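Scroll down for the structure; my scribbles are underneath it.
The values are calculated or read from the model by the stated rules, or taken from the named source; none is laboratory data. It should be emphasised that the depicted structure is a prediction, and the values quoted were computed from it without experimental measurement. Here the Cβ positions follow ideal geometry from the backbone for every residue, glycine too, while neighbour counts run over all protein chains shown.
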Amino acid sequence: MGRTKKAAQPQAAKGAAAAAADVGPSTSYDATLPDNLEVARTRVVCGTDMNLHTTSTIAASQWGSLGVDASFDMDRFRRGFSIDIKRYEGDDMEFEMKGVSCAVANSLRRIMISETPTMAIEHVYIVNNTSVIQDEVLSHRLGLVPLKVDPRLFQYKAKEDAPSEQNTIVLKLKVECRRLPSGAMENDKVYSRDLVWLPEGSEMPDETSCRFASSQAALVSGGVRPVHDDILIAKLRPGQAIELECHCIKGVGDMHAKWSPVATTWYRLMPEVVLLQKTRGQIAEELAEQLPGLLQLSGSGDKAKVVVGDVRKHDKLLEKVRRLSGEERYAPYIQLRKIKDRFIFTIESAGAWRPHELFQYAVEVMMSKCDKVLEGLQAFPQRSF
Amino acid sequence: MDQDESAADQRAIVLALDGETHTLGNTLRDVMWSHPHIELASYTQEHPSVNEIILRCQTNAAIPAEQGVVEALHITKAILSHMGDTMAEAAKRWEEQHGGGGDGGQRRQQRQQRQGDGAAAMNEDS
């Protein structure tokens, strides 16, 4: 595909470069990069023992000697950047993000995991625990129960702050297992649905020093409950009881994983399968047999041809492509690459945040980090180029 | 700033950013390299137990290094702002196309429970 570009007129080359550059990372071109450098700039070449061209940081003057200016261009970035949501079911979102560097994607991933707040049980005041689950084990389990409440309605609580309706949520768990006259057992399993929200605050304010000035009922319109009703917290036998009060505060994943708003979030680079040269005849048939669906065969015998099909649909065959590209017979024909600035990003929320709001919040956190550094530096004009 | 500082001194700067990690460091470094007047950009976390990064920037004579860092920060903010807006639009497009299909898992669970209880299935979707 790329072979004819070099011989083209400058105008046509610029057009082709513009078309190619809209597909690749944000850069400006006066001249075009030769094909091999374009591949190195935009693709990770996946080999059997090592991957090539894995860095994505480009210096503005890197190809100055070739007449190519790789400095940042906001317009080109805007044109090249896109987000396309592929799947959004409840708390899970998968989207394709194009046109941004790996560093930014990673920063947002890190922020979503460890610097976005949620509410979680922190202090457990145990009135009675005659179950076989030890106090600390029970408390640990309670801390990990995800709560469906918007943390932005609350303030952080420092150690020295008094618990109040602004920074604390109170939940109560009171379960006793007993044997019914019919012989059946009641409450032998304690589930997360047994946690009851107390909008008025603690029922033992003297012990917990938690006094609400007003009810939280107006503040939290939907009420506070665990994201899942069916999390098993403890098992009881007749006569055993658990009575405790949980105080929840706002925190971030950095402090303790219970506060992480995501089950997890991750991204991978968009894969690409490339036929390095015209693949005809027997080689075509062999490859199509090895990679059914990923390579689409047409014709037969000497006239057989293959074309690369949908890479996303045949994910499981990609590592096979990598293996085949290392074999002597197929190495000249097929190659697995990853596109450096296209991400298949998945956000699995634990339930307190909507996934797309998590992403937007992470963007805000990152911007406030930049602001914090800007505060400490002199003011300069925003752009000198 | 010291008036007697020669232009050469202003071409390099070393910043210690307390409370920052690879989260800011790597992105800022990446954006700094794409600045045409920045000759060198690097960051390091000297020790994982110390929550601080050291950021280095060196520019050609066109601008002082501090200005390079400031401009890179503004570019980073511009990139992020555009990303946030694009995500908001994408989510809105999805809701329009799939009629509020992105509701929280809890509502789905509530609906299942209600149906499981034998109650009449009600269409609650907006």
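One residue stands out in segment A:52-92 among those that are closer than 24 Å to B:Thr27 by Cβ and of a type in the set (D, E, K, R): the one that is modelled with the lowest pLDDT, namely A:Asp69.
Return yes when A:Lys316 is surrounded by fewer than 16 Cβ atoms within 10 Å (Cβ to Cβ) and not hydroxyl-bearing (Ser, Thr, Tyr) and no when it is not. Considered against the rule, which asks whether it is surrounded by fewer than 16 Cβ atoms within 10 Å (Cβ to Cβ) and not hydroxyl-bearing (Ser, Thr, Tyr), A:Lys316 comes out as yes.
Within segment A:230-253, one or more residues are modelled with pLDDT of 95 or more, within 14 Å of chain B (Cβ to nearest Cβ) and surrounded by fewer than 19 Cβ atoms within 10 Å (Cβ to Cβ). Within segment A:99-131, being charged (D, E, K, R), over 26 Å from A:Pro205 (Cβ atoms) and outside any helix (DSSP H, G or I) holds for one residue alone: A:Glu115. A:Thr57 meets the conditions (1) within 20 Å of A:Lys340 (Cβ to Cβ); (2) outside any loop (DSSP other than H, G, I, E, B) in every case but one. The failed one is (2). A:Gly47 meets the conditions (1) away from chain B (no Cβ under 14 Å); (2) under 19 Å from B:Thr76 (Cα atoms) in every case but one. The failed one is (2). Considering segment A:218-229, and only residues there that are closer than 16 Å to A:Leu195 by Cβ and out of contact with any helix residue (DSSP H, G or I) (no Cβ under 7 Å at 6 or more places or on another chain), the residue that is modelled with the lowest pLDDT turns out to be A:Gly222.
The rows are residues; the columns are (1) at the interface with chain B (Cβ under 7 Å from one of its Cβ atoms); (2) in contact (Cβ under 8 Å) with a residue 40 or more places away in the chain; (3) surrounded by fewer than 19 Cβ atoms within 10 Å (Cβ to Cβ).
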| position | (1), (2), (3) |
| --- | --- |
| A:Ile83 | yes, no, no |
| A:Asp91 | yes, yes, no |
| A:Ala103 | yes, yes, no |
| A:Ile113 | no, yes, no |
| A:Val124 | no, yes, no |
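So that you can scan it fast, the table gives a plain yes or no per residue for (1) within 14 Å of chain B (Cβ to nearest Cβ); (2) on the phi < 0 side of the Ramachandran plot; (3) not in a helix (DSSP H, G or I); (4) not polar (S, T, N, Q):
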site	(1), (2), (3), (4)
A:Ala288	no, yes, no, yes
A:Leu297	no, yes, yes, yes
A:Lys320	no, yes, no, yes
A:Glu327	no, yes, yes, yes
A:Tyr330	no, yes, yes, yes
A:Leu336	no, yes, yes, yes
A:His356	yes, yes, no, yes
A:Glu364	yes, yes, no, yes
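Residues A:Val321, A:Val373, A:Val365: which one is within 32 Å of the chain's Cα centre (by Cα) and without any contact (Cβ under 8 Å) to a residue 40 or more places away in the chain?
On the way: A:Val321 fails: without any contact (Cβ under 8 Å) to a residue 40 or more places away in the chain; A:Val365 fails: without any contact (Cβ under 8 Å) to a residue 40 or more places away in the chain.
None of the other options fit; the residue is A:Val373.
Determine, yes or no, whether A:Tyr88 is in contact with a Pro (Cβ under 8 Å, 6 or more places away or on another chain) and more than 17 Å from A:Ser56 (Cβ to Cβ). Break it down stepwise before answering.
Details: in contact with a Pro (Cβ under 8 Å, 6 or more places away or on another chain): yes; more than 17 Å from A:Ser56 (Cβ to Cβ): yes.
For A:Tyr88, the condition - in contact with a Pro (Cβ under 8 Å, 6 or more places away or on another chain) and more than 17 Å from A:Ser56 (Cβ to Cβ) - is met.
Among the residues making up segment A:132-161, those that are within 14 Å of chain B (Cβ to nearest Cβ) and either assigned to a loop (DSSP other than H, G, I, E, B) or among the aromatic types (Phe, Trp, Tyr) (or both) are A:Val145, A:Pro146, A:Val149, A:Asp150. Does any residue of segment A:371-382 turn out to be farther than 21 Å from A:Phe81 by Cα, exposed (fewer than 15 other Cβ atoms within 10 Å of the Cβ), away from every other protein chain (no Cβ under 14 Å) and of a type in the set (D, E, K, R)? Scanning segment A:371-382 turns up no residue that is farther than 21 Å from A:Phe81 by Cα, exposed (fewer than 15 other Cβ atoms within 10 Å of the Cβ), away from every other protein chain (no Cβ under 14 Å) and of a type in the set (D, E, K, R).
Within segment A:156-204, the set of residues being touching a residue at least 60 places away in the same chain (Cβ under 8 Å) and more than 15 Å from A:Ile121 (Cα to Cα) comprises A:Lys174, A:Val175, A:Glu176, A:Cys177, A:Arg178, A:Met204.
Filtering segment A:158-187 to residues that are over 22 Å from A:Thr130 (Cβ atoms), touching a strand residue (DSSP E or B) at 6+ places or on another chain (Cβ under 9 Å) and not hydroxyl-bearing (Ser, Thr, Tyr) leaves A:Pro163, A:Asn167, A:Ile169, A:Val170.
Checked against (1) more than 20 Å from A:Arg354 (Cα to Cα); (2) not assigned by TED's automatic domain parsing to the domain that holds A:Pro238, A:Tyr88 meets all criteria but (1).
Filtering segment B:47-83 to residues that are crowded, with 23+ Cβ neighbours inside 10 Å, more than 7 Å from chain A (Cβ to nearest Cβ) and either among the β-branched types (Val, Ile, Thr) or in a helix (DSSP H, G or I) (or both) leaves B:Ile53, B:Thr59, B:Ala65, B:Gly68, B:Ala72. Residue count for segment A:205-240 under the criterion of being over 36 Å from the mean Cα position of the chain (by Cα), assigned to a loop (DSSP other than H, G, I, E, B) and within 21 Å of A:Val127 (Cβ to Cβ): the result is 9. For segment A:307-318, residues that are out of contact with any strand residue (DSSP E or B) (no Cβ under 9 Å at 6 or more places or on another chain) and in a helix (DSSP H, G or I) total 2.
Okay, residues lined up against (1) aliphatic (A, V, I, L, M); (2) surrounded by fewer than 17 Cβ atoms within 10 Å (Cβ to Cβ):
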position: A:Ser139; (1), (2): no, no
position: A:Asp161; (1), (2): no, yes
position: A:Val170; (1), (2): yes, no
position: A:Cys177; (1), (2): no, no
position: A:Ser182; (1), (2): no, yes
position: A:Lys189; (1), (2): no, yes
position: A:Arg193; (1), (2): no, yes
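Only one of the listed residues (A:Leu374, A:Leu336) is modelled with pLDDT of 95 or more and farther than 24 Å from A:Met97 by Cβ. That residue is A:Leu374.
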